[in-house]
Amino acid sequence: MAYHRPSGLPEEYPSSSAADFKSDTVTTPTPSMLQSMLTATHGDDVYKEDRTTNDFQARVAEMCGKPAGLFVVSGTMGNQLCLRAHLHQPPYSILCDYRSHVYTHEAAGLAMLSQAMVTPVHPKNKVYLTADDVNEYLILHNDIHTAPTRVISLENTLDGTIMPIEEIAKISALARRHNIRMHCDGARLWNASAETGISLSEYGKLFDSMSLCMSKGVGAPVGTVIVGETDFIETTNWFRKQTGGGIRQAGLLAAAADTALTEIFPKVLKETHETTKKLAADLAEMGLTFQLPVETNFIFLDLEKANIDPKVLVEESKKVGITVVGARIAIHHQISLEAIEKLKVAVKNTIDICKLSTTQVEKPEGSLFYSGFDKVVH
């Protein structure tokens, strides 16, 4: 399969992200996104008076099979508002994958905002949680030494891997048997849906709340939409205001996000996955292996196994004019074909340099590979 530019986008538009493999958050607004901001309505969203925002919230909620949605400024805010709204009187705990963004990269929000204990679980298959994994760590009793499980939070995709919907269904059934709420950190659920063909509403049936980021794969400049039952969304709106997240003329941002969704999902996202898999195949031919299966738009190189110092890869990438932060390679719709070829050159040069070394690669404290940055950061 040859590399090709994603379809449905302008042939040329300025983007500083064309050579940036750091994350899919680095994309810049397309001309159509900027144009949509010029025609957005200017109502006050705190008073629920902005038509552009209201229409966009309703659109995403309907896609997810939920009656209500709320536009918030970030994925972190979306997750934290949802989890807080599910919780009432502590003590309680939230069960999640040990790599989950809600646990590892949201500035201790669960502790500070929800006063929640976290039960981080390591999946036995090393890729995704199963119902058996979850069942083993649920806290169901009333032992006063513990904090009962009140919410299960699942992330899909997680590190670019897709959680099978069959396993989500089993976990959801388990949760409902015990009156435990289900939350989906769907920062990249767009990617999972585009790749599998499973609709957002099919995923939505299995969760009480979902948080869908607009500024990652679909490329909007700002925003996340959270969805759920109407009363639940009213509660999250209260917490949004409390945390300073009330936006007045939100339509300017919602319009760009709405256009991004139309422009990128699902076809362009699917094409970025094809590009990622082609790149992974080329890197495998160079002798590299991966920490995780390459299923959507992320490649996690196993640099340790290849005896490659990540700092060398970062420097060699700089020399050819691209940005790489270590083992994690992110592909987005604005990556240029030229940048992909440069990445392959940087990887080859890195392999050659590290082969010349006669010493084992050490694991220096704070190095890019071993700091965990490559593994879980959004």
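A few notes on this one:
- Its residue count N sets the reference 2.2 N^0.38 Å, and the alpha-carbon radius of gyration of the chain equals 1.01 times that reference.
- Stokes-Einstein translational diffusion, the stretch 228-299 - Kirkwood Rh over all Cα pairs, 1.306 mPa s, 10 °C, in µm²/s: 100 µm²/s
- Segments 148-154, 77-83 sorted - mean Cβ within 10 Å per residue, highest first: 77-83, 148-154
- Gyration tensor analysis over the Cα atoms of the stretch 92-246 returns equivalent ellipsoid semi-axes of 23, 21, 15 Å (largest first, whole Å).
- Share antiparallel - DSSP beta bridges, the chain, percent rounded to 5: 45 percent
- Cut-off of 10 Å, at most 10 other beta carbons, DSSP loop: longest stretch of the chain lacking such GluC sites (Glu not before Pro): 13-361
- Backbone HN-Hα couplings from phi across the stretch 126-136 [Karplus 6.51/-1.76/1.60, Hz, Gly and Pro as x]: 6, 10, 9, 5, 10, 4, 5, 4, 5, 4, 5
- Structural size metrics of the stretch 16-139, computed from C-alpha coordinates, are Rg and Dmax of 18.8, 52 Å.
- Ordering Asp24, Asp159, Asp231 from the fewest to the most neighbouring beta carbons within 10 Å gives Asp231, Asp159, Asp24.
- Computed helical MRE - 222 nm, the chain, DSSP H runs ≥ 4 contributing -39500 (n - 2.57), nearest 500: -12500 deg cm²/dmol
- Amide hydrogen neighbours beyond the local backbone of Ile139, cut-off 5 Å, H modeled: Thr149
- Cα centroid separation, the stretch 266-336 to the stretch 232-262 (Å): 33 Å
- Alpha carbon centroid spacing (whole Å) that separates the stretch 41-77 from the stretch 194-229: 13 Å
The numbers here are math on the coordinates, done by the rules we state, and not lab data. All values derive from a computational prediction rather than experimental measurement. Positions of Cβ are generated from backbone atoms using ideal geometry, with glycine treated the same way; all protein chains shown enter the neighbour counts.
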